[in-house]
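One structure is given below, encoded as structure tokens.
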Amino acid sequence: WCIRINYYPPLPAGTSAAMGIPPHADGDFATFLLTDDQPGLSLLHADRKTWLHLRELPRDGARFALLVNSGNSLQRLSNGVFPSTMHTASCYRIKPRYSVPFFWSPSVDAVIEPLPPWVTLDNPSHYEARS
């Protein structure tokens, strides 16, 4: 596992270009993301064509929200049933944005391969074992 604190600098007044992280999927099992009230996280819709720009989170007066993204290890273990969350992050406001992701991963010694419940005659394994 790993925890990181991300800081996205604010946009200078009159600027429209945002600085951030390019589109990617995390290689871990799952990422738990503590985020503040600044928008900036975008997720690729399951149609793999449309980007969903998350509005301000949290809501209802809360100061923080917890989001969970599935990673590449979960995609492999589930034989693709739970695909990795393709996402990007930026800052679109004149106020800085912070996020605190916690990356939860299997042991480096673990063999990651589709688990038997998700491998059937109709849905054979799509992934080779990997450690």
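The values are calculated or read from the model by the stated rules, or taken from the named source; none is laboratory data. The shown structure was predicted, so the numbers you read here are calculated from the model rather than taken from an experiment. FYI the Cβ positions are ideal-geometry reconstructions off the backbone, even for glycines, and counts take in every protein chain you see. The protein model used for the area step is the full one, side chains on, heavy atoms only, and it has no ligands, DNA or RNA in it. Shrake-Rupley method; radii C 1.70, N 1.55, O 1.52, S 1.80 Å.
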Exposed-site-free run, longest, the chain (rule: trypsin sites (Lys or Arg not before Pro); DSSP loop; at most 11 other C-beta within 10 Å): 64-131
Pairwise over distinct Cα atoms, reciprocal of the mean inverse distance: report the Kirkwood radius of the chain in Å, one decimal place. 16.3
Taking H placed 1.01 Å from N in the peptide plane, check which residues at least 5 places from N79 or on another chain put their amide H under 5 Å from its amide H. L115
Could you work out the Kirkwood radius for region 84-131, taking every pair of different alpha carbons, averaging 1/r and inverting it, reported in Å? 14.9
Within a Cβ distance under 15 Å of S131, other residues only, what is the Lys/Arg minus Asp/Glu net charge? -2
Specify the longest stretch of the chain that does not include any exposed loop site, a site being one of the chymotrypsin sites (Phe, Trp or Tyr not before Pro) with a non-H, G, I, E, B DSSP assignment and at most 14 other Cβ atoms within 10 Å. 65-131
Convex hull volume per residue for region 38-80, taking Cα atoms only, in Å³: 98
May I ask you to give the percent of accessible area on region 1-125 that is carbon plus sulfur, with a probe radius of 1.4 Å? 62
For region 80-123, with every protein chain kept in place, what is the accessible area per residue (1.4 Å probe, Å²)? 64
Please tell me the relative contact order of the chain in percent, rounded to the nearest whole number, where contacts are Cα pairs under 8 Å and at least six residues apart. 37
